[in-house]
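Here the structure comes first, spelled out in structure tokens, and everything after it is commentary.
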Amino acid sequence: MIPSGVKVFLASHPVDFRKGIDGLVALVRDAGSDPFDGALYVFRAKRADRIKIVWWDGSGVCLYLKRLEKAKFCWPRIGHHRVQLTSAQLMALVDHPC
């Protein structure tokens, strides 16, 4: 369950999904954000069939990964900047593939 009031940010472009926690945290830092602020940072693969979320839970960095077998995530069109979502919008993105 996602805590209420948590900030959720989507990356503006697909990322290399060979990246693990450290690589994704580096992307967050490179974008000018603090990966240890408790926000959820959401990344997608090029084919939109995989999603990774990283966040600091207060004691360590966590990684959530979901891979769809026969569908794709309904990823919103985004430009050159990250997009902020509500926790309800994130749940809709993760739970309702196209």
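Quick rundown of the values:
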{"read-out": "Degrees, to the nearest 10: 21-30 long Cα axis against longest axis of the chain", "value": "80 degrees"}
{"read-out": "Cut-off under 5 Å, modelled amide H: who pairs with GLY38 long-range", "value": "TRP56"}
{"read-out": "Percent RCO, i.e. relative contact order, over the chain, from Cα pairs under 8 Å lying at least 6 residues apart", "value": "33 percent"}
{"read-out": "Accessible area expressed per residue, the chain, with surrounding protein chains retained (probe 1.4 Å, Å²)", "value": "63 Å²"}
{"read-out": "Carbon plus sulfur fraction of accessible area for the chain, probe 1.4 Å, in percent", "value": "53 percent"}
{"read-out": "Length released on extending from LYS19 to ALA31, taking residue separation times 0.36 nm less the Cα-Cα span", "value": "2.7 nm"}
{"read-out": "FRET efficiency estimate (nearest 0.05) - Cβ-Cβ, LYS72 to SER4, R0 30 angstrom", "value": "0.60"}
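The values are calculated or read from the model by the stated rules, or taken from the named source; none is laboratory data. Since the model is a prediction, treat every value here as computed from it, not as a measurement. Don't worry about glycine lacking a Cβ; one is built from the backbone with ideal geometry, like all the others, and counts go over all protein chains shown. The protein model used for the area step is the full one, side chains on, heavy atoms only, and it has no ligands, DNA or RNA in it. Shrake-Rupley method; radii C 1.70, N 1.55, O 1.52, S 1.80 Å.
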